[in-house]
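Worksheet: the structure to be examined is printed underneath.
The values are calculated or read from the model by the stated rules, or taken from the named source; none is laboratory data. Being a predicted model, the structure only gives us computed values, none of them experimental. Backbone-built Cβ (ideal geometry, glycine too); neighbour counts: all protein chains shown. These accessible areas exclude ligands, DNA and RNA; they are computed on the full protein's heavy atoms, side chains included. Shrake-Rupley method; radii C 1.70, N 1.55, O 1.52, S 1.80 Å.
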Amino acid sequence: DTEGLLRIKEENQKHYRRAQRHQEKKEKIQRHNRKLGDLVEKKTYDLKTQYEHLANLRRTHILELTSVIFPIEEVKTSMRDPADVSSESDNAMTSSTVSKLAEARRTTYLSGRWVCDDHNGDTSISITGPWIILPNNGDYSAYYSWVEEKKTTQGPDMEHNNPAHTISAALCYATQLVNTLSLILDVNLPKKLCNRQVKTQQRNHEFCGENLSRHRFTRAVKKLNANILHLCFSQHVNLDLLHPLHTLRNLMYLVSPDTENLGR
């Protein structure tokens, strides 16, 4: 029994010395982990600082781009509410008729369905200048109506102020701006829209090349609107401000100086 007790004591001492070595190793690992944790925290802070600096640079470039080359502004029109005009011309008109006229004014028949738009007729959005504007309600039917009319009309087009020309130019500039913004923000766009002539395919810009049919034009507009919404989502633009048909208005909200996360 005495010999067995001595053997057990010796084994306990070995285990105790081994436990001490493990404890020292554990403390060394903990010190190393704390050192790595401090380093990771410092690197994370430096990375966050670099991201903020990069975001500020992107924001500065975008604001310069949209103030010098692609200014986007809201253009007020002097159209009066037909309900007000009618009520002034007919004093016997009932209030229900006035309200119905006002409601009809805020409704647009677009692509086979009625679309409610509170800004219809009041404002337009311009890009690169007050003469290049898009309807605020997203109704670009003037373009393909003009294209269909051109098919039946011979001779050169002398209407320099044709709304179809301004719609085409505005969409052309909007596409160029969106493609440039995707490069600055480093965001891949879900839809591909060409804004230059490709030598291999001899393909012109979607909107500033040949006259597009209604199907091709509508398809290109949908792709442009999808790209704009994708950029808005990436920059955390307030969703309550966005509308899937408001091309330039959504773009205006995206590049607004009030957009807090612009450049992220």
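I'd like to check which helices (runs of 4 or more DSSP H) are fully inside the stretch 1-117 and have at least 3 residues that are modelled with pLDDT of 80 or more and either more than 23 Å from Leu262 (Cβ to Cβ) or hydroxyl-bearing (Ser, Thr, Tyr) (or both).
Where helices (runs of 4 or more DSSP H) fall fully within the stretch 1-117 and carry at least 3 residues being modelled with pLDDT of 80 or more and either more than 23 Å from Leu262 (Cβ to Cβ) or hydroxyl-bearing (Ser, Thr, Tyr) (or both), they are 2-64.
Just name the residue that is modelled with the highest pLDDT out of those in the stretch 133-159 that are of a type in the set (A, V, I, L, M, F, W, C) and open to solvent by less than 20 Å² (accessible area, probe 1.4 Å).
Ranking the candidates gives Leu134 first.
Please verify whether Glu206 is modelled with pLDDT under 85 and either in contact with a helix residue (DSSP H, G or I) (Cβ under 7 Å, 6 or more places away or on another chain) or open to solvent by less than 30 Å² (accessible area, probe 1.4 Å) (or both), treating the condition exactly as stated.
Against the criterion (modelled with pLDDT under 85 and either in contact with a helix residue (DSSP H, G or I) (Cβ under 7 Å, 6 or more places away or on another chain) or open to solvent by less than 30 Å² (accessible area, probe 1.4 Å) (or both)), Glu206 qualifies.
Give the stretch 249-264 a look and list any residue that's open to solvent by 20 Å² or more (accessible area, probe 1.4 Å) and either β-branched (Val, Ile, Thr) or assigned to a loop (DSSP other than H, G, I, E, B) (or both), or say none.
Ser256, Pro257, Asp258, Glu260, Asn261, Arg264
Which one of these is in contact (Cβ under 8 Å) with a residue 40 or more places away in the chain, within 16 Å of Asn136 (Cα to Cα) and open to solvent by 30 Å² or more (accessible area, probe 1.4 Å): His243, His230?
When all the criteria are applied, what remains is His243.
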